[in-house]
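The values are calculated or read from the model by the stated rules, or taken from the named source; none is laboratory data. None of the values given here were measured: they were computed from a predicted structure. Neighbour counts run over all protein chains shown; Cβ positions are idealised from the backbone, glycine included. Remember, those area values only see protein heavy atoms, side chains included, never the ligands or the DNA or RNA. Shrake-Rupley method; radii C 1.70, N 1.55, O 1.52, S 1.80 Å.
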Amino acid sequence: MRRVAILISGGGSNMEALVRDMQAGGHADPVLVVSNVPAAGGLVRAAALGVPTACVDHRAFPTREAFESALAAALAPAAPDILCLAGFMRILTAGFVRRWQGRMLNIHPSLLPKYPGLHTHERALAAGDAEAGCTVHLVTPELDSGPVLGQGRVPVRPGDTPPTLAARVLEMEHRLYPAVLRRFVAGERAPLLLP
Ligand code: GRF
């Protein structure tokens, strides 16, 4: 069975959605959750779900490369086949990405190629977009730019603020990411479009 490690930096709600879906569907095995932030709430959530956890604090390393070498060492014993970045807020070097290219997925809270990078909801609202959403893509060395595996659209509503839009998008993320991982594990690569 395909072994999936999930990288987080924060609350881990996407991690939880992925883990619960794997535990329910049996299509893949969540073997490890790794955070670069020791206080990440997602570490507690992962442990509560019975998933082994590790923490590699990026602040403890002088360079990105040193951090990534420690990250690789933390991942190795779990022998993951697939990495899912889920609210993981570190930019990975091209070297690390190349070692995992084709087997590393990320979820981004916008309809890429619109709004790569940060503050996506603020930007969608400022642009007056009628809709927003999220994208799951394969990770390539260029930030937020790899082949799209799935997108979920949500309406922008009058009076929306970044937090209200983020909450609506997050709900869609929790639907999209597990569904995309199921298809990915099954070898499907055609983009999934939700709703
Ligand atoms: C989500 O908006 C996700 O798209 C972004 O990080 C945010 C928090 O995700 N990458 P989570 O609750 O930690 O999964």
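In the stretch 8-24, the residues that are farther than 11 Å from LEU181 by Cβ form Cβ pairs under 8 Å with partners that are of a type in the set (Phe, Trp, Tyr), at six or more places apart or across chains, as follows: ILE8/PHE88; SER9/PHE88.
Residues in the stretch 155-182 that are open to solvent by 40 Å² or more (accessible area, probe 1.4 Å) and assigned to a helix (DSSP H, G or I): PRO162, PRO163, THR164, ALA167, ARG168, LEU170, GLU171, HIS174, ARG175, ARG182.
For THR93, the conditions (1) open to solvent by less than 40 Å² (accessible area, probe 1.4 Å); (2) within 12 Å of the ligand (Cβ to nearest atom); (3) among the β-branched types (Val, Ile, Thr) are fulfilled apart from (2).
A quick yes/no check of all residues on (1) modelled with pLDDT under 95; (2) open to solvent by less than 10 Å² (accessible area, probe 1.4 Å); (3) within 27 Å of ALA190 (Cβ to Cβ):
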{"residue": "LEU71", "(1), (2), (3)": "no, yes, no"}
{"residue": "VAL97", "(1), (2), (3)": "no, yes, yes"}
{"residue": "LEU111", "(1), (2), (3)": "no, no, yes"}
{"residue": "GLU122", "(1), (2), (3)": "no, no, no"}
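Screening ALA66 against (1) open to solvent by less than 40 Å² (accessible area, probe 1.4 Å); (2) within 16 Å of the ligand (Cβ to nearest atom) leaves a single unmet condition, (2).
A residue that is touching a strand residue (DSSP E or B) at 6+ places or on another chain (Cβ under 6 Å), part of a helix (DSSP H, G or I) and surrounded by 23 or more Cβ atoms within 10 Å (Cβ to Cβ) cannot be found anywhere in the stretch 130-146.
If you check GLY117, GLY102 for being surrounded by fewer than 19 Cβ atoms within 10 Å (Cβ to Cβ), part of a loop (DSSP other than H, G, I, E, B) and within 12 Å of the ligand (Cβ to nearest atom), only one passes: GLY117.
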